[in-house]
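Here is the structure we will look at, set down as structure tokens.
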Amino acid sequence: MKDKTAERGTRTGFTTGACAAAAARAAALGLATGRVPDGIESLLPNGTRVCFSVHDGRCDAQSAHAMVVKFAGDDPDCTDGAHLTVDLRLLPGQTGVVTYVAGEGVGTVTMPGLGLEVGGPAINPVPRRNIAENLREAVPELLQEHGIEVTISVPDGQVMARKTTNARLGILGGISILGTTGIVKPYSTAAWRASVVQGVQVAATTDHDLVALTTGGRTETFAMTTLRGERPGLPAACFVQMGDFLRYALDEAAAQGIGLVVLAVMVGKLTKIAQGETITHANRSEVDTDLVAAIARRVGAAAEDCAAIAAAETARFGAELMVERGLGDAFHAALAQAAIDTLTAPERYGTAFRLRVLVCDFEGRQVADVWSAPVPPRSRGAVARIGIEHILDKD
């Protein structure tokens, strides 16, 4: 499994789904042959094959057990080292049927919006297909006569799940079995982007017609305090940490027809949004301090202050200077309005949803609260195709 020649920091690993599929394949061979192998070559969802070490193999005529230890490479994954454990049970006479059960440490789905049955195991569709493919490839004769029940367990999965957003998505009791390619890349932006989209989809299943998009823990705490003060009981599922992936979050909010999108941000990300960036990572774009200076000028800042702001490296410098000059509230409100104007332009999101921008300072205190104009009900969710294509072109 491990590439010992790879430079540390670049090593790829394997998803929980890929590890579960390998364990299932090994256990299936135990059912068919009477012996669970110590190692297995398993098919990944991306079509490649990888050898996995297999532990704790045992079997009898009706059941089999195997475990694969997850290696996450250099990704900071809370499931690194997890014991992906599979128990198989024959289903006599149920030709070709493969069913899935959540064992210890694997979550149960309690909310719609994930593409999984409510009340069923949190085993995503791609891992399910990958497990079934491995079973059919490894033991085709067995499945011509019987079905197989696949129970996946992860000891300590409940503890691992506390470090994830599973509970917010309505996945309770453990981790999810995930993976679209089988491979985990270090600091995978694809995984985060997918989780943002999934979070918006779950928010859309609540009856609040709202999603609050935040850039991290500080802005999320600020948004929760503010919005729950207005709407007591607003569920955690309505809050999504989008990080730098504003575009994907807004695209999904528009696709889901969510009526109100709340952005909770600080001045740096807010400036990038106002200047038209919808992927706000530092490596993708620089803060336009000329724009910050123009906003300061608009609210009455002195010429020398505007020049200093334009020459600065950060938007924070301009914001703090405006606060010092007594123009902080006007400055933050004008910058928030600029962001709204950018995002609600016809070539962007138009009237797909109403937008509210909540801005906090670096201490978590609110410094602006600006709304876009009300949206006609007929316009909700109706993003112009040209707008979506224009935004996607920038990837």
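The values are calculated or read from the model by the stated rules, or taken from the named source; none is laboratory data. None of the values given here were measured: they were computed from a predicted structure. Every residue, glycine as well, gets a Cβ built from its backbone with ideal geometry; the counts of neighbours run over all protein chains shown. We work out accessible area using only protein heavy atoms, side chains counted, and drop any ligands, DNA or RNA first. Shrake-Rupley method; radii C 1.70, N 1.55, O 1.52, S 1.80 Å.
Annotations
- Members of region 5-44 that are β-branched (Val, Ile, Thr), modelled with pLDDT under 95 and surrounded by fewer than 24 Cβ atoms within 10 Å (Cβ to Cβ): 5, 10, 12
- The residue pairs whose first member lies in region 145-158 and is modelled with pLDDT of 95 or more and charged (D, E, K, R), whose second member is crowded, with 18+ Cβ neighbours inside 10 Å and not in a strand (DSSP E or B), and whose beta carbons are closer than 7 Å, counting only pairs six or more residues apart or on different chains, are 156/105.
- Scanning region 19-37 for residues that are in contact with a helix residue (DSSP H, G or I) (Cβ under 7 Å, 6 or more places away or on another chain), under 18 Å from residue 48 (Cβ atoms) and of a type in the set (Gly, Ala, Ser) gives 20, 21, 24.
- Subset tally (residues that are open to solvent by 70 Å² or more (accessible area, probe 1.4 Å) and in contact (Cβ under 8 Å) with a residue 24 or more places away in the chain) for region 324-338: 2
- Taken as a whole, the condition of being of a type outside the set (D, E, K, R) and open to solvent by less than 40 Å² (accessible area, probe 1.4 Å) does not apply to residue 183.
- Qualifying residue in region 380-391 (condition: crowded, with 19+ Cβ neighbours inside 10 Å, of a type in the set (A, V, I, L, M) and modelled with pLDDT of 90 or more): no
- Failed item, numbered, when residue 66 is tested on (1) more than 16 Å from residue 16 (Cα to Cα); (2) in a strand (DSSP E or B); (3) open to solvent by less than 40 Å² (accessible area, probe 1.4 Å); (4) among the small types (Gly, Ala, Ser): (1)
- Filter result (buried (at least 21 other Cβ atoms within 10 Å of the Cβ) and either without any contact (Cβ under 8 Å) to a residue 12 or more places away in the chain or under 19 Å from residue 11 (Cα atoms) (or both)) within region 73-108: 73, 77, 79, 82
- Residue within region 293-308 that is of a type outside the set (Gly, Ala, Ser), at pLDDT 95 or above and surrounded by 20 or more Cβ atoms within 10 Å (Cβ to Cβ) present: yes
- Inter-residue pairs, beta-carbon under 6 Å, first β-branched (Val, Ile, Thr) and in region 275-302, second at pLDDT below 90 and in a loop (DSSP other than H, G, I, E, B), 6+ apart: 279/244; 280/244; 289/312
- Scanning region 43-63 for residues that are more than 15 Å from residue 180 (Cα to Cα), in a strand (DSSP E or B) and not hydrophobic (A, V, I, L, M, F, W, C) yields 53, 55, 56, 57, 58, 63.
- Test: residue in region 339-350 that is open to solvent by less than 20 Å² (accessible area, probe 1.4 Å), over 30 Å from residue 255 (Cα atoms) and not acidic (Asp, Glu): no
- Region 11-24 residues that are touching a residue at least 60 places away in the same chain (Cβ under 8 Å) and closer than 15 Å to residue 157 by Cβ, paired with ones that are in a helix (DSSP H, G or I) and open to solvent by less than 10 Å² (accessible area, probe 1.4 Å) (beta carbon under 7 Å, 6 or more apart): 17/127; 17/130; 20/127; 20/131
- Filter result for residue 169 (open to solvent by 10 Å² or more (accessible area, probe 1.4 Å) and of a type outside the set (Gly, Ala, Ser)): yes
- Candidates in region 208-240 are the residues that are in a helix (DSSP H, G or I) and under 14 Å from residue 113 (Cβ atoms); of these, the one that is most open to solvent (accessible area, probe 1.4 Å) is 236.
- Sub-6 Å Cβ pairs linking a first residue in region 217-245 that is farther than 18 Å from residue 195 by Cα to a second residue that is assigned to a helix (DSSP H, G or I) and at pLDDT 95 or above, at least 6 apart or interchain, are 234/227; 234/228, ordered by first then second residue.
- Put simply, of 190, 204 the only residue that is in contact (Cβ under 8 Å) with a residue 12 or more places away in the chain, among the hydrophobic types (A, V, I, L, M, F, W, C), open to solvent by less than 60 Å² (accessible area, probe 1.4 Å) and in a helix (DSSP H, G or I) is 204.
- Restricted to helices (runs of 4 or more DSSP H) entirely inside region 92-187, those with at least 3 residues that are more than 20 Å from residue 66 (Cα to Cα) are 157-161.
- Selection of region 141-166 for residues being open to solvent by less than 50 Å² (accessible area, probe 1.4 Å) and over 23 Å from the mean Cα position of the chain (by Cα) yields 142, 143, 146, 147, 148, 149, 150, 151.
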